[in-house]
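Peer 1: Please read through the structure below; I'll follow up with questions.
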Amino acid sequence: MFIIFLLSFVQNELAFAPIVEILEQVSRVPRQWRQPLINNGGGYVNHIIYWSTMCPAPSSATPTGSLLVDIENTFGSFSVFRERFTEEAGTLFGSGYVWLCEEAEGEGGGGLVITTTPNQDSPLSQGLHPLLVLDVWEHAYYLKHKNLRPNYVSEWWKVVCWEEVDALRKFWKSLTLSRILNEKLFEIKKHTQT
Amino acid sequence: MSMLSMIRRSFCFVSKATLVRKKYTLPQLPYSYDALEPVISKEIMELHHSKHHATYINNLNVSLESLKECQEKGDISGIAALQKAIVFNGGGHINHSIFWNNLSPDGNMKPKGVLLHDLQEQFGSLDNFRNEMTAKTTGIQGSGWGWLGYNRKRKHLEIVTCANQDPLQATTGLVPLLGIDVWEHAYYLQYKNARIDYLKAIWDVINWEDVSTRYSSA
């Protein structure tokens, strides 16, 4: 449903970059394509993360290992994190998403944050790496829960797949690392060519 | 008690009295929940009116109560922080109050008189107007409303869209004549993701007399 338009008429290498990269640098997309790209490209990525971080029978109701430690260090405890996330989900006006993200800075990664985005906007465009997402567009819950969004939210916690959240976190870390390595390689190449 | 403190107290009494306001209540629908079938199902109408609209009103009342407290304390930061909730819930109340009256079970209504003339003049034809309003409203990203509004300054009709529950007049200055709700709760149970089908069907239940009345007093 969410089609990525190839911006073949754009004098911009971004047109051929992966969708993640396009969303990270969405302000560089020419104005006439920017909003459709946010809506459709963002929608595409947001839903991939949403589906990937749920499973019918999670092996654990809470995160484990370093993710749990970092959540506890950031929010005080897992239940405080869960309360804050749930509150954001309950109070978001209109259509959008609630996210647990990691700030995309440096080699060690930044801190964990709970954030929201309206419509199909992606936290990738805000320098964040999404780890966990809850879709609160009405289409995500209305057929089953009608207007009772809080019921949907409390049910959703039961299908959060913390293993996948952890795997996604590791993915962003290795992506960041490979980008840094590529940059360093590029610098070395440039230096040896001059 | 000194004269000064009596005067001061009377001012406090007056200022508290002026800050007392009525609580908003859910307006009755001009028809029964199943009256707009098959265009809009009874289930949708009941949830939309008795749950969604009612929630906007409850939350508006709560926000206005908080606003009153902030005003009494002179808490400007608190007043500013409440604006989003007032726009959202107040807008929701305004928009839905207009919407219920914009709709009618009488499927035979058509625009007449000055409204018909002006729609034809400004959009080329009634079909053009309907197509443009349908297209613009379908294209709203996320939650929002499509509006036919009257621009008092330029003295003409305009089709605009608003996001979320932003009230048309406060946001754009246009006088609202006809609004179409495209929040998913307005159609999803019946039309699922096919917003365009809902928009094509809703033209059969527009209360053109109500739209004309709003136009003549705009």
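Peer 1: Given N residues in the protein assembly as shown, what is Rg(Cα) / (2.2 N^0.38 Å)?
Peer 2: Here the answer is 1.19, to two decimals.
Peer 1: For chain B, what relative contact order do you get, as a whole percent, if you take Cα pairs closer than 8 Å and at least 6 residues apart?
Peer 2: 22
Peer 1: Relative to the compact-globule scaling 2.2 N^0.38 Å, provide the ratio for the alpha-carbon radius of gyration of chain A.
Peer 2: Numbers: Rg = 18.3 Å, N = 194, 2.2 N^0.38 = 16.3 Å.
Cα Rg divided by the expected 2.2 N^0.38 Å: 1.12.
Peer 1: Let me ask something else about it. Taking the Cα centre of segment A:1-151 as origin and charging only Cβ (+1 Lys, Arg; -1 Asp, Glu), how large is the dipole, in debye to the nearest 20?
Peer 2: Here segment A:1-151 has a charge dipole of around 640 debye.
Peer 1: Continuing with the same structure: By residue number, which cysteines of chain A lack any other Cys whose Cβ falls under 4.7 Å from their Cβ?
Peer 2: A:Cys101
Peer 1: For segment A:119-194, what are the per-bin percents of Cα-Cα distances with bins 10 Å wide, up to the bin holding the maximum?
Peer 2: 15, 28, 26, 15, 9, 5, 1
Peer 1: What size of dipole, in debye to the nearest 20, comes out for the protein assembly as shown about its Cα centre when the only charges are +1 on Lys and Arg C-beta atoms and -1 on Asp and Glu C-beta atoms?
Peer 2: Roughly 1160 debye for the protein assembly as shown.
Peer 1: If you line up the long axis of helix B:54-73 against the longest principal axis of chain B, both from Cα atoms, how many degrees apart are they, to the nearest 10?
Peer 2: Around 30 degrees separate the two axes.
Peer 1: Still on this structure, I have one more. Beyond 25 Å between alpha-carbons counts as too far, so tell me which of B:Lys22/B:Lys84; B:Lys51/B:Lys110; A:Lys158/B:Lys84 fall in that bin.
Peer 2: Listed pairs above 25 Å: B:Lys51/B:Lys110; A:Lys158/B:Lys84.
Peer 1: Something else now. Over all alpha-carbon pairs in segment B:42-136, figure out the percentage whose distance exceeds 16 Å.
Peer 2: The calculated P(r) of segment B:42-136 puts 70 percent of pairs beyond 16 Å.
Peer 1: Please give the helix B:113-123 orientation as an angle from the longest Cα principal axis of chain B, in degrees from 0 to 90, rounded to the nearest 10.
Peer 2: That helix lies at roughly 80 degrees to the long axis.
Peer 1: Could I ask something else about it? Name the residue farthest towards the positive end of the dipole of the protein assembly as shown from the options A:Leu37, B:Gly90, A:Trp172, assuming +1 on Cβ of Lys and Arg, -1 on Cβ of Asp and Glu, about the Cα centre.
Peer 2: After comparing all options, I get B:Gly90.
Peer 1: Count neighbours as other Cβ atoms within 10 Å of each site's Cβ, and list the trypsin sites (Lys or Arg not before Pro) in segment B:80-177 that are DSSP loop with at most 10 such neighbours.
Peer 2: B:Lys153, B:Arg154, B:Lys155
Peer 1: Can you give the calculated 222 nm mean residue ellipticity of chain A, where each DSSP H run of n ≥ 4 adds -39,500 (n - 2.57) and the sum is split over every residue, rounded to the nearest 500 deg cm²/dmol?
Peer 2: Value at 222 nm, helices only: -14500 deg cm²/dmol.
Peer 1: Would you mind giving the total buried accessible surface between chains B and A, with a 1.4 Å probe and ligands, DNA and RNA left out, rounded to the nearest 100 Å²?
Peer 2: Buried area between the two chains comes out at roughly 1500 Å².
Peer 1: Then there's this: State in Å² the accessible area per residue of segment B:46-176; use a 1.4 Å probe, count heavy atoms of protein chains only, and round to the nearest integer.
Peer 2: Counting only protein heavy atoms, the per-residue value for segment B:46-176 is 47 Å².
Peer 1: For helix B:3-19, what angle does its Cα long axis make with the longest principal axis of chain B, in degrees from 0 to 90 and rounded to 10?
Peer 2: The answer is roughly 10 degrees.
The values are calculated or read from the model by the stated rules, or taken from the named source; none is laboratory data. Everything numeric in this text was worked out from a predicted model, so none of it was measured. FYI the Cβ positions are ideal-geometry reconstructions off the backbone, even for glycines, and counts take in every protein chain you see. Heavy atoms of the whole protein, side chains included, go into the accessibility calculation; ligands, DNA and RNA do not. Shrake-Rupley method; radii C 1.70, N 1.55, O 1.52, S 1.80 Å.
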